[in-house]
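Just below is one structure, and these are the notes that go with it.
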Amino acid sequence: MLVSARDMLVKAKEGHYAVGQFNINNLEWTKSVLLTAQELQSPVILGVSEGAGKYMTGFTTVAAMVKAMDESLGITVPVALHLDHGTYEGCYKCIKAGFTSIMFDGSHYNIEENVAKTSELVNVSHQLGLSIEAEVGSIGGEEDGVVGMGECADPDECKRIADLGVDMLAAGIGNIHGKYPEGWPGLRFDVLDAIQQKTGAMPLVLHGGTGIPADMIKKAITLGVSKINVNTECQLSFADATRKYVEAGKDLEGKGFDPRKLLAPGAEAIKATVKEKMELFGSVGKA
C-alpha cells in the first residue's frame with residue numbers, strides 16, 4: 001500500500017536521517033528500488049518527473065504499475081509515489097492518477113504567484129491525504145528542460161512558503177541537478193542553517209543528490225535535510241553496467257540479447273547505488 005511522504009519525513013527529521021527519493025524511469029528502475037528498500041527495511045520515495053511520466057505513457061500508467069508491483073512483490077516498507085518538479089497542471093494530473101505525494105515547482109513564478117498556487121495545491125492535497133513539496137530558489141542544472149542557475153533561496157521566502165502548510169520544502173543552497181562541474185564551490189550551509197532557523201520543524205529537501213560528497217550530505221542532514229533526491233547516479237550506474245555487458249559480448253552469447261538478461265546487470269547496479277545511498281542517508285532499518 002502506497003502512503004504519503006508526510007509521516008516518513010517527520011520521523012526522519014526527528015530521527016536525524018534522510019529518506020531517499022529515487023526517480024524511476026521504467027519497470028526495472030521501479031523493481032530495483034522497491035526490492036532494495038524492502039531488503040534494507042528503509043522507507044522510500046519513488047520520484048517521477050513529468051518527462052519520465054510522459055515516457056512511460058502517462059501518470060495513470062505509472063501509478064498502476066507501481067501499485068501493482070508494490071503488492072505483487074509483497075513490499076511492506078512505506079512507499080510514496082511522488083511527482084518531481086511538477087507544473088501546476090502536472091500536479092492535478094498526478095492527483096487524478098493516484099499519486100500519494102506531489103511537488104509543485106513554482107520557483108520560476110514571482111513569490112506572490114508561487115504563494116497563491118502553492119496555497120491552492122496544499123488545500124487540495126491535504127483534503128485527499130496527499131503530501132506536498134514546494135520549492136524556493138531554483139535548483140541548478142537542467143531537469144526536463146527546466147534550467148536553473150542554482151541561486152540560493154531567501155530564508156524569509158522559505159518561511160512564507162513553509163507557513164502555507166506544505167509538508168516539505170526544497171530550498172536552493174547551491175545544489176545542482178545532474179553531474180557537478182569542476183570547481184563547484186559546494187553547498188551553502190550558512191544559507192541552509194538560516195532556512196532551518198526560519199522554518200523550524202519543516203522537513204527540508206536536497207535536490208541534486210548525485211555527486212555531493214558524503215561529508216556534505218551528512219552535514220546537510222544535521223541541518224534539517226530529511227529528503228534527498230537521487231536520479232543521475234542511478235542512470236550512470238545503469239548505463240555503465242549495461243555498457244560493460246555489451247562490450248564483453250554477453251549479448252551475443254546464447255540468448256544474451258533477451259532484454260531480461262540484457263537489462264539485468266543495469267538493474268543490479270541500480271540496487272547497489274540505492275543501497276549505498278540509503279546507508280549514507282541513515283534510513284536503513286527505519287521502516
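On a full-extension model of 0.36 nm per residue, what is the gain between GLU113 and GLU279, subtracting their alpha-carbon distance, rounded to one decimal in nm?
That pair, GLU113 and GLU279, stretches by 55.9 nm at full extension.
State the label only: which of [x] 0.97; [y] 1.03; [z] 1.55 corresponds to Cα Rg over 2.2 N^0.38 Å computed from the shown model?
It is the one labelled [x].
Pick out, from ASN229, TYR88, GLY20, the residue whose Cα sits farthest towards the positive end of the charge dipole of the chain, with +1 on the Cβ of Lys and Arg and -1 on the Cβ of Asp and Glu.
So the residue furthest toward the plus end is GLY20.
If you roll a 1.4 angstrom probe over the protein chains with everything in place, what fraction of the accessible area of the range 196-287 belongs to carbon and sulfur, to the nearest %?
C and S fraction of accessible area: 56 percent.
Would you mind telling me the share, in percent, of accessible area of the range 1-94 contributed by carbon and sulfur at probe 1.4 angstrom?
Carbon with sulfur: 57 percent of the solvent-accessible area.
Given springs between every Cα pair under 10 Å in a Gaussian network model of the chain, which of ASP251, ASP70, ASP105 has the largest fluctuation?
Checking each option, the largest mean-square fluctuation is seen for ASP251.
On full extension of the chain, what length is gained from LYS218 through THR76, given 0.36 nm per residue of separation minus the C-alpha to C-alpha distance?
48.4 nm
Determine the distance separating the Cα centre of the range 1-70 from the Cα centre of the range 203-279; give it in Å without decimals.
After rounding, the separation between the Cα centres reads 14 Å.
How high is the relative contact order of the range 1-149? Use alpha-carbon pairs under 8 Å, at least six apart in sequence, and give a whole percent.
Relative CO of the range 1-149 lands at 23 percent.
Given R₀ = 35 Å, FRET efficiency for GLU247-ASP193 by Cβ-Cβ distance, to 0.05?
0.15
Sorted from largest down, give the three principal axis spans of the alpha carbons of the range 197-270, whole angstrom values.
60, 20, 13 Å, listed from the longest principal axis down.
Hey, if we sort ASP84, ASP163 by accessible area with the 1.4 Å probe, largest down, what's the order?
Per-residue accessible area, sorted high to low, gives ASP163, ASP84.
Can you tell me the accessible area per residue over the chain, all protein chains present, probe 1.4 angstrom, in square angstrom?
Using a 1.4 Å probe on heavy atoms only, each residue of the chain averages 43 Å².
Report, in deg cm²/dmol and to the nearest 500, the calculated mean residue ellipticity at 222 nm for the chain, where each DSSP H run with n ≥ 4 adds -39500 (n - 2.57) and the sum is divided by the residue count.
Rounded to the nearest 500, it is -14500 deg cm²/dmol.
The values are calculated or read from the model by the stated rules, or taken from the named source; none is laboratory data. Quantities reported herein were computed from a predicted structural model and do not represent experimental measurements. Note: ideal-geometry Cβ built from the backbone for every residue, glycine included; neighbour counts use all protein chains shown. The protein model used for the area step is the full one, side chains on, heavy atoms only, and it has no ligands, DNA or RNA in it. Shrake-Rupley method; radii C 1.70, N 1.55, O 1.52, S 1.80 Å.
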